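Notes follow once the structure below has been shown.
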Amino acid sequence: MRFLKKTLIYILVAIILIFLLRMLEVSTPVSIIIIFLTYVALTLGPLFYTILGTRNLMKIERFLLANRKIPSYYINYTVANRLDDEFEENIAKLLKQYKQKNKQALFKTLQAHYNKDIQSVLHEIEFIQPIEYRYYYQAYYYIERREFTEAHDYINRISKDWMKQSLLSYMEYKQGNRPRAIELAEEAMQAARGIQLYVMVKTFEREYPELRQQMVK
């Protein structure tokens, strides 16, 4: 039913575009390009908004569950909800699917992070791309070792606010400053969007039971 509805919308948009383009006397090649780009926007726009832009947690959760068979999406649901067996199953699929050195490094490090054993893959971190994720895990490693000066050095290289605030929150937690850790966790959630927000909210609610469900705006 949903597929039929989307198809009808695409057809209607195409008919309207063709009519307008003819009225404006746009050449056929240009018209084809415009129609194609409009189709791409209609198809991928909602997907990218769900992954990167929305703050609607229920919408994100529905998306992740609907894509249970796609490991690169569903792995986020397993992390957020601590589904150990499904997490390991999906990590194995991702490691089998992506053979590039940087991808292997990222997934192995994610697995170690999930299992709180980052020391075991320290040699992998230097291959992680994008570089901000490398800095994130390097900072996390030093926080785990209580080497906070070194951790700050990597945190200061990160431009994404949600990354910085979540690391600073963990640092305060490790130093026993729980109230400040919760404040920074809330700041991190306000800076996040899309799937990352979903994972963060679920994780922080589990780590800080006193932190009630956030009214994400």
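Couple of notes before you dig in:
- Considering residues of the range 82-100 that are more than 19 Å from F63 (Cα to Cα) and among the polar types (S, T, N, Q) only, the residue least open to solvent (accessible area, probe 1.4 Å): Q100
- Checked against (1) farther than 26 Å from Y154 by Cβ; (2) part of a helix (DSSP H, G or I), R55 passes all but a single condition, namely (2).
- Residue among I118, I70, I131, I125 that is without any contact (Cβ under 8 Å) to a residue 24 or more places away in the chain and crowded, with 17+ Cβ neighbours inside 10 Å: I125
- Residue within the range 185-207 that is surrounded by fewer than 20 Cβ atoms within 10 Å (Cβ to Cβ) and more than 21 Å from the chain's Cα centre (by Cα) present: no
- In the range 40-63, residue modelled with the highest pLDDT [restricted to those that are among the aromatic types (F, W, Y) and open to solvent by 50 Å² or more (accessible area, probe 1.4 Å)]: Y49
- S159 among the polar types (S, T, N, Q) and open to solvent by 40 Å² or more (accessible area, probe 1.4 Å): yes
- Checked against (1) open to solvent by 50 Å² or more (accessible area, probe 1.4 Å); (2) without any contact (Cβ under 8 Å) to a residue 24 or more places away in the chain; (3) out of contact with any Asp or Glu (no Cβ under 7 Å at 6 or more places or on another chain), R180 passes all but a single condition, namely (3).
- Screening V79 on (1) surrounded by 14 or more Cβ atoms within 10 Å (Cβ to Cβ); (2) of a type in the set (A, V, I, L, M); (3) at pLDDT 95 or above; (4) more than 26 Å from A191 (Cβ to Cβ) shows it passes everything except condition (4).
- Looking at the range 103-217, the helices (runs of 4 or more DSSP H) lying wholly inside it that each contain 1 or more residues that are closer than 26 Å to T54 by Cα sit at 131-144, 148-155, 161-174, 178-191, 194-207.
The values are calculated or read from the model by the stated rules, or taken from the named source; none is laboratory data. Values in this document were obtained by computation on a predicted structure and should not be read as measured data. Positions of Cβ are generated from backbone atoms using ideal geometry, with glycine treated the same way; all protein chains shown enter the neighbour counts. Ligands, DNA and RNA are excluded from the accessible area calculation, which covers all protein heavy atoms including side chains. Shrake-Rupley method; radii C 1.70, N 1.55, O 1.52, S 1.80 Å.
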